Amino acid sequence: QADTAMYRAKESGRNGISFYRPSMQETADRRLTLEKEIRQALKEQQFVLHYQPQVDDSGRVVSAEALIRWQHPQRGMISPAEFIPIAEDTRLILPLGEWVIRETCRQIGVWDRENRAIGHVAVNVSSRQFRQPDFVEQIERILADASLSADRLVIELTEGSVISNIDDTVRKMRDLQTLGVKTSIDDFGIGYSSLSYLKTLPISQLKIDQSFVKDLPEDQNDAVIVETIINMAKSLRLHVIAEGVETEEQVRFLREKGCLSYQGYHIGRPVPAADFRN
Ligand code: C2E
Ligand code: MG
Ligand code: MG
Ligand code: MG
């Protein structure tokens, strides 16, 4: 997207029209500032993880998703939607992503020692991070450093990440499976039109995107899509979880259709580790 804008800026520049230039410059400046700030924030430990509870088939909170936030000294709490894309563009996602996994594993250990152990915690891994040649080794190392068994960690990947280099993905997912780390396809249903990757890849779980859950049970199209995903997951022997569950009616619909795991404001918002109750 940025490349296209840049191209248009150059083109129009050649024609003597500089309409795109100021905003392009502004965008570039803002990115550069943010890049510097993210680097600084990593050093000064301004990033925090919040944990959102997940209910499993037993109907209890047994797991969580770790979600990053940036506690900016001047601008307050910044959402990942704002800085993750820049971290991805600038490769800062590599140290940032590693920190997320380390911090999650550290927290799992803390809860274990406090006798309020959690089953597992899911972390979001961006495409660039997953594409790193030593990604699986990194996971293995972090788990070993934290003395955790591999089943305590779940890796959330988007459809876009897994299909971008299928051979590499197959290899990494097999290695993760051998290690015992489960993988979940985040935002399932919005990313990619072909489903053939589902039979090729050793995936553990599909996470139904919240956009399909939002208008349940009234929206008939969403109802059909969600029911179809649930049935497909079952047939493929994949675990299925719904995100963005906000109402009791949504829970009832999902349970009726056979999706017993879910996460959303109905159960709890993402909170700092100290406030997390399971
Ligand atoms: P995601 O992984 O799909 O996470 C779900 C998002 O939905 C989270 O937004 C969560 O706070 C929000 N959410 C949860 N329950 C509800 C609900 O009931 N209703 C509504 N309306 N929203 C709900 P958040 O925390 O702002 O994160 C946004 C996205 O940023 C995440 O989407 C994920 O793609 C990315 N992200 C977050 N943390 C990390 C991270 O550590 N690394 C990477 N690479 N990406 C991250
Ligand atoms: Mg996620
Ligand atoms: Mg999601
Ligand atoms: Mg999402």
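The values are calculated or read from the model by the stated rules, or taken from the named source; none is laboratory data. Note that the structure is a prediction, hence the values are computed from the model and not measured. Don't worry about glycine lacking a Cβ; one is built from the backbone with ideal geometry, like all the others, and counts go over all protein chains shown.
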Counting only residues in the stretch 206-241 that are within 20 Å of residue 64 (Cα to Cα) and touching a Leu at 6+ places or on another chain (Cβ under 6 Å), the one farthest from ligand 3 (Cβ to nearest atom) is identified as 238
Any chance residue 185 is crowded, with 22+ Cβ neighbours inside 10 Å, out of contact with any Gly (no Cβ under 7 Å at 6 or more places or on another chain) and under 14 Å from residue 65 (Cα atoms): yes
(Q) Any residue that is outside any helix (DSSP H, G or I), surrounded by fewer than 17 Cβ atoms within 10 Å (Cβ to Cβ), within 16 Å of ligand 1 (Cβ to nearest atom) and at pLDDT 95 or above - is there at least one of those in the stretch 190-205? (A) no
Reported set for the stretch 88-99 where residues are among the aliphatic types (A, V, I, L, M) and near ligand 1 (Cβ under 8 Å from one of its atoms) is 93, 96
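Residue-wise test of (1) within 16 Å of the chain's Cα centre (by Cα); (2) within 17 Å of residue 70 (Cβ to Cβ); (3) modelled with pLDDT of 95 or more.
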{"site": "89", "(1), (2), (3)": "no, yes, no"}
{"site": "96", "(1), (2), (3)": "yes, yes, yes"}
{"site": "103", "(1), (2), (3)": "yes, yes, yes"}
{"site": "131", "(1), (2), (3)": "yes, no, yes"}
{"site": "151", "(1), (2), (3)": "no, no, yes"}
Exactly one of 260, 216 is within 16 Å of ligand 1 (Cβ to nearest atom), touching a residue at least 24 places away in the same chain (Cβ under 8 Å) and among the aliphatic types (A, V, I, L, M), and that residue is 216
Within the stretch 256-278, the count of residues that are within 28 Å of residue 108 (Cβ to Cβ) and more than 16 Å from ligand 4 (Cβ to nearest atom) comes to 14
Residue within the stretch 238-247 that is within 16 Å of ligand 1 (Cβ to nearest atom), over 20 Å from the mean Cα position of the chain (by Cα) and either assigned to a strand (DSSP E or B) or modelled with pLDDT of 95 or more (or both) present: yes
Return yes when residue 180 is among the small types (Gly, Ala, Ser), at positive phi and either within 16 Å of ligand 4 (Cβ to nearest atom) or more than 22 Å from the chain's Cα centre (by Cα) (or both) and no when it is not.
no
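Working carefully through the options 218, 227, find the one that is among the charged types (D, E, K, R), more than 21 Å from the chain's Cα centre (by Cα) and assigned to a helix (DSSP H, G or I).
That would be 227, the only listed residue that is among the charged types (D, E, K, R), more than 21 Å from the chain's Cα centre (by Cα) and assigned to a helix (DSSP H, G or I).
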Worksheet entry | Yes/no for residue 127 being of a type in the set (S, T, N, Q), surrounded by fewer than 20 Cβ atoms within 10 Å (Cβ to Cβ) and within 17 Å of the chain's Cα centre (by Cα) | yes
Exactly one of 86, 68, 38 is surrounded by 14 or more Cβ atoms within 10 Å (Cβ to Cβ) and within 16 Å of ligand 4 (Cβ to nearest atom), and that one is 68
